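What follows is one structure encoded as structure tokens, with my remarks underneath.
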Amino acid sequence: MHVEGSWRTTPATVRVMSVLGEAYFVGGCVRNAVLGEPVSDIDIATPLRPEEVVARMEAAELKVVPTGIEHGTVTVVADSVPYEVTTFRRDVETDGRRATIAFADDIAEDAARRDFTMNALYARADGEVVDPLGGLEDARARRVIFVGDAETRIREDYLRILRFFRFRAWYGRGEADETALAACTKLANGLDGLSAERVTAEFCKLLAAPDPTPVLEEMVGAGVLKRVLPDAQLDLIAPLIRAEDGRAPRWQRRMLALSGRRSRLRLAKRDAQGLILAEAALARPETPAVRARRYGSDIARDLCLMEAAILGRKPSRKVEAEIARGAAASFPLKAADLMPPFSPGPELGVEMERLRTLWHASDLKHNKAALLRQRREPGQRRGA
């Protein structure tokens, strides 16, 4: 079998492979090409030692960055496209979190250390697939199967439990492999020893899958989800996916639907604050336009879709137009519009905020004149 695609035949890709000589496309780019999925990152494996890779690239006047040279990986940049080039490796020692590696000469050794058979696919520069472990059949059937013994692979790095479910969510079809699922269930407590950053990154990728619902249910059954998101509730996930109706997935939206305690996760400050804001805003009745103005388009859309999921219906067809209207709206007043009679100071700020609240209550429809008609005089008490 040969894999096709423009990713393989661009001048930059052809040049990098030509400079390397003996080299193979590997992992996600080959897997996705086999599955007919989009290819983004291009990884390359080679028996060349990293120092030789660097020397060849520099001789060819290609930029090379020693991103992980001690582990055999360098990044080659050609026509502004990054290519990760990694020397064949084998694991010497593992501790459940990271591996001590040695360089290898044989593609079979390199394949044997990979996590799933569908990720142990290689392709030559001309696209011919090299399949050391029989992963091509698994990939075509969309079976996520551990390389070798599932428990051994997991004990090498417990993050592979979450990777198993992520790959199931993105690429799997049908029932989960019983041996793999049993191993994940048995070793789920190994997740507790991983860093919050690694767990968070993997789980967020899982939630961004088109429909993670079946896999989240598998994770509950395996005792895995509670290790990541204690007290998570799945009730709203399927209704939310229906409400999304083909809209671009956002892991933040799915996280909001799951609820649960996020203490096991280490989210970026912006994402953590956004989720807290969205949880509070969900309890407030506001229009899509007002939400877009107050919280931004993404959170406004998340809230509208969450409400639709809670109510068991599709969102209004006008939602996107209203979100766009709110995102583009600007508060019609400036402080100078109230001076005089107001002078700079706290009282002016209070009045500006009161008029902003009235503007929100009008669904952002009051113009400057309408708001000025409702302006109070300095010292005027509420209700006067």
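The values are calculated or read from the model by the stated rules, or taken from the named source; none is laboratory data. What you see is a predicted model; the values in this text were computed from it and never measured. For neighbour counting, all protein chains shown are included, and Cβ atoms are generated from backbone atoms with ideal geometry for every residue, glycine included.
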Considering region 64-100 alone, what residues qualify as being touching a strand residue (DSSP E or B) at 6+ places or on another chain (Cβ under 6 Å), among the aliphatic types (A, V, I, L, M) and buried (at least 19 other Cβ atoms within 10 Å of the Cβ)?
V64, V74, V76, V85
Go through region 311-329 residue by residue and tally those that are modelled with pLDDT under 95 and either in contact with a Leu (Cβ under 8 Å, 6 or more places away or on another chain) or assigned to a loop (DSSP other than H, G, I, E, B) (or both).
7
Filter region 19-54 down to the residues that are out of contact with any helix residue (DSSP H, G or I) (no Cβ under 6 Å at 6 or more places or on another chain) and among the hydroxyl-bearing types (S, T, Y), then identify the one that is modelled with the lowest pLDDT.
S40
When you go through D105, D79, D91 one by one, which is the residue that is over 28 Å from D138 (Cβ atoms) and over 25 Å from the mean Cα position of the chain (by Cα)?
D79
Would you be able to say whether some residue in region 318-326 is farther than 26 Å from R270 by Cα and in the same structural domain as M255 (by TED's automatic domain parsing)?
yes
Are any residues in region 11-39 polar (S, T, N, Q) and either under 12 Å from D126 (Cα atoms) or surrounded by fewer than 15 Cβ atoms within 10 Å (Cβ to Cβ) (or both), and if so, which ones?
T13, S18
Please specify each residue of region 73-83 satisfying the condition of being touching a residue at least 12 places away in the same chain (Cβ under 8 Å) and either within 15 Å of A45 (Cβ to Cβ) or basic (K, R) (or both).
T73, V74, V76, Y83
Counted residues, region 335-380 - those being assigned to a loop (DSSP other than H, G, I, E, B), within 29 Å of A324 (Cβ to Cβ) and over 43 Å from the mean Cα position of the chain (by Cα):
1
Take residues that are free of Cβ contacts under 8 Å to residues at least 40 places away in the same chain and of a type in the set (S, T, Y) and tell me which of the helices (runs of 4 or more DSSP H) falling wholly in region 1-72 contain 1 or more.
6-9
If you go through region 193-252 one residue at a time, how many are over 19 Å from the mean Cα position of the chain (by Cα), among the acidic types (D, E) and at pLDDT 95 or above?
3
